[in-house]
Structures are given as C-alpha cells and as structure tokens.
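A.B. asks: Please find one structure pasted underneath; my questions will follow.
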Amino acid sequence: MFLGRKIEQMAASKGLKPSDIASSIDVSVNYVYKLYKSEHLNTELLQKLSAALEIPLVDFFKEESASISQSGTGNIQQTGSRNKQKIMPGAKSTGHTTSATDTEELATKLADCEKDKTSLARELEVTRELVKAKDEMILLLKGSRTNPN
C-alpha cells in the first residue's frame, strides 16, 4: 500500500475530509488528493500530517518490515505491495539483519522523541511570550522615566 493511500485511510477512519486535512497542513484540497496517490512524502510533510491526524509519526510505517543485506542496502516493502524503497544504513554494513524487536524499540524511541519535541515546542512558545512581555514592560518603564506625569 502506498504511503498516501495509508494516510487517506487514516484520515477517513478519523472522519476527516480532504478539506479538513488541507486546512490543517495549509495546502489546497487538490494537493491533498495528490498526496493520497503518493508513494513517497518528505519528513516535514509527514510531521504536519501526523499532527493533523493526531497520531505518532511512526504509525505511518507500522506495517512495514525492514531488512538490511550484506551490501548495506536494504529494501522496505509492505506486505502485498510493489512499493519498494532503498535505504542506506551507513558507509559500512554490519552484516546483520534488523529484527522486529529493534524496529519496535526504534519506533518507541521515535515516539518518545516526538513527545519531547512537542513539549519543547510548547516551552519555547511560552518563553517567547515571556520575552515579548518583558520587552513591552521595559519599553513602558523607559517611557515612564522620560514622562514623569
């Protein structure tokens, strides 16, 4: 199954229309229909879709299994699909196969990182608002010193 088709199914299961997705990720409805037909999407777009669908990013890849060959190039293929993607794990292959346990562990770590990212983004926003309020207060105090009315 193409990644876009999977996104379409996830949106439908949450009762979201293409127009809902479009407004959530700030694209046109036509673009959403193109996404539904896509095999590959960039990470930034997947992150936006993850937020719009209120699911962890890793859920887009849960049905996939990965194997790494001796050459260091692996194939990712969903069961029953002709969708193949090449991965390059590094300059040298370790010669071992990635197990389902390793994949699950990485998926868990990724989900934890996404939670941390969300939390840090909220913290950053609060910090920015505090800095803005501080700057406004400084301007008010400077103004009161020059106008002692």
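A.B. asks: What FRET efficiency do you get for ARG5 and THR127 if R0 is 41 Å and r is their Cβ-Cβ distance, rounded to the nearest 0.05?
C.D. replies: Values: r = 40 Å, r/R0 = 0.98.
It comes out at approximately 0.55.
A.B. asks: Assuming a ≥ b ≥ c are the square roots of the Cα gyration tensor eigenvalues, decide whether the stretch 1-62 counts as rounded (a/c under 1.5), prolate (otherwise, with a/b larger than b/c) or oblate. Mind dumping the intermediate values first?
C.D. replies: Working: a/c = 1.28, a/b = 1.18, b/c = 1.08.
Rounded is the answer for the stretch 1-62, as its axis ratio a/c remains below 1.5.
Computed from the coordinates by the stated procedures, all read-outs in this text should not be read as laboratory data. Just so it is clear, the structure is predicted and the values come from calculations on it, not from any experiment. Reconstructed Cβ throughout: ideal geometry from the backbone, glycine too, with neighbour counts over all protein chains shown.
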